[in-house]
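I have placed the structure first, in the form of structure tokens, so that the comments after it can refer back to it.
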Amino acid sequence: MKISEFAGYGDKMEQLMRSVQAGRIVHALLFVGPHGSGKRTMARLFTQAMVCASERRPCGVCPACKRFLAGSHPDVHTVRPEKKSIGVDEVRALIDALALRPYEGGRHIAIIEQAEKLTPSAQNALLKTLESPSGDCMFFLITDAPGALLSTIVSRCQTVRFSDLSVEECARVLEGRGIEPARAAQLAGMAQGSVGRALETDGDGDFHALRERVIASLEALRVRADVAGAAAALEEDKGREGEMLDVMELWARDLMAVQSGAAPYQAAETSRLQRSKLDGSALLKGVLLARMQLGSNVSWPNALENMYFNLTDSGLIRR
Ligand SMILES: [Zn+2]
């Protein structure tokens with residue numbers, strides 16, 4: 001993939017790339033955006049383009065590209081939390097490595113993933129390096145929670161904001177990766193425009209089966225007497241409450257869209273959504289309440305039954 005082909009960000013990144021090549025750039029880039037929005041992919045693509053030795057960067061076939069893709073380029077340093085956090089020792093080891101002359105004559109590139117996991121002392125150690133930039137080193141800090149970073153770190157970086165794509169753009173990106181169009185549209189809708197989440201979901205056949213069980217369970221609700229059976233259908237999925245509630249929440253939002261005449265995210269499910277007897281906003285309320293109840297130690301079966309009783313009592317638009 002070429003940088004210019006990166007959906008949503010290609011032009012901006014091409015500009016940044018030209019600045020880097022012309023030597024006009026702050027030496028730290030902070031990529032901020034939700035999980036799955038392309039921050040890490042872009043940082044890696046950008047890095048590969050910087051180390052690539054050919055004219056059309058990144059070429060993917062030159063020795064430098066191959067070393068990068070194999071994770072063995074000596075001038076590319078990736079730091080990610082191995083445990084809960086990234087500690088000061090890991091940052092010091094990185095700084096030591098950056099102090100050596102770059103092997104391939106260009107510059108060092110450090111990629112710090114999940115930068116919000118840097119401990120305060122690790123951030124302070126990093127700050128010293130960011131405050132006295134040297135020309136042969138460039139940093140990428142990647143995070144979905146920039147509020148966890150010291151403001152002094154943020155102010156040393158040029159921030160690039162990533163967001164989820166539109167569902168249509170996301171589907172196009174997925175098609176570009178060889179996923180057939182109907183499936184791409186379905187995945188993009190379920191992931192609400194997040195390429196990363198869509199790709200995670202794509203490989204997860206289990207998730208599709210779970211999603212289908214959850215939606216079928218919702219569709220079975222008509223009267224109070226249906227609650228026990230509908231809830232029991234999800235009993236075996238204990239431990240996946242979060243995923244089930246995510247499915248329900250997206251279903252609720254799409255019901256609300258369809259019931260107000262708008263287009264749902266999950267366009268492939270439009271006729272099923274239109275046939276639903278559940279009121280979208282009642283379901284959404286139920287999901288939010290269930291999340292709260294789970295957070296305060298109500299068991300999943302109880303939270304689910306509460307939600308279903310509320311829905312059959314007052315959350316149906318028709319029976
Ligand atoms: Zn190359």
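The values are calculated or read from the model by the stated rules, or taken from the named source; none is laboratory data. Everything quoted here is computed from the prediction, not taken from an experiment. Counting neighbours? That spans all protein chains shown, and the Cβs are built from the backbone with ideal geometry, glycine included.
Out of ALA232, ALA228, report the one residue that is surrounded by fewer than 16 Cβ atoms within 10 Å (Cβ to Cβ) and more than 20 Å from LEU289 (Cβ to Cβ).
The unique qualifying residue is ALA232.
Picking from ASP246, ASP254, ASP237, ASP279, which residue would you name as being touching a Gly at 6+ places or on another chain (Cβ under 6 Å) and of a type in the set (D, E, K, R)?
After applying the criteria, what remains is ASP279.
Restricting to the stretch 57-85, name every residue that is surrounded by 14 or more Cβ atoms within 10 Å (Cβ to Cβ), of a type in the set (A, V, I, L, M, F, W, C) and within 9 Å of the ligand (Cβ to nearest atom).
CYS59, CYS62, ALA64, CYS65, PHE68 - these are the residues of the stretch 57-85 that are surrounded by 14 or more Cβ atoms within 10 Å (Cβ to Cβ), of a type in the set (A, V, I, L, M, F, W, C) and within 9 Å of the ligand (Cβ to nearest atom).
Condition check ((1) modelled with pLDDT of 90 or more; (2) over 26 Å from LYS12 (Cα atoms); (3) not assigned by TED's automatic domain parsing to the domain that holds ASP11) across all residues:
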position: SER166; (1), (2), (3): no, no, yes
position: GLU169; (1), (2), (3): no, no, yes
position: ARG240; (1), (2), (3): no, yes, yes
position: LEU245; (1), (2), (3): yes, yes, yes
position: ALA263; (1), (2), (3): no, yes, yes
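Taking ILE109, is it within 19 Å of LEU141 (Cα to Cα), assigned by TED's automatic domain parsing to the domain that holds GLN15 and within 16 Å of the ligand (Cβ to nearest atom)?
Against the criterion (within 19 Å of LEU141 (Cα to Cα), assigned by TED's automatic domain parsing to the domain that holds GLN15 and within 16 Å of the ligand (Cβ to nearest atom)), ILE109 qualifies.
Quick one: how many residues across the stretch 292-318 are assigned to a loop (DSSP other than H, G, I, E, B) and surrounded by fewer than 16 Cβ atoms within 10 Å (Cβ to Cβ)?
6
Please work out if VAL91 is within 16 Å of the ligand (Cβ to nearest atom) and β-branched (Val, Ile, Thr).
no
Return the residues of the stretch 41-57 that are of a type outside the set (Gly, Ala, Ser) and not in a helix (DSSP H, G or I); say none if nothing qualifies.
CYS52, GLU55, ARG56, ARG57 - these are the residues of the stretch 41-57 that are of a type outside the set (Gly, Ala, Ser) and not in a helix (DSSP H, G or I).
Scanning the stretch 49-78 for residues that are at pLDDT 90 or above and of a type in the set (S, T, N, Q), which turns out farthest from CYS137 (Cα to Cα)?
Among them, the one singled out is SER72.
With respect to the numbered conditions (1) assigned to a loop (DSSP other than H, G, I, E, B); (2) buried (at least 20 other Cβ atoms within 10 Å of the Cβ); (3) without any contact (Cβ under 8 Å) to a residue 24 or more places away in the chain, which one is the sole condition not fulfilled by ILE179?
(2)
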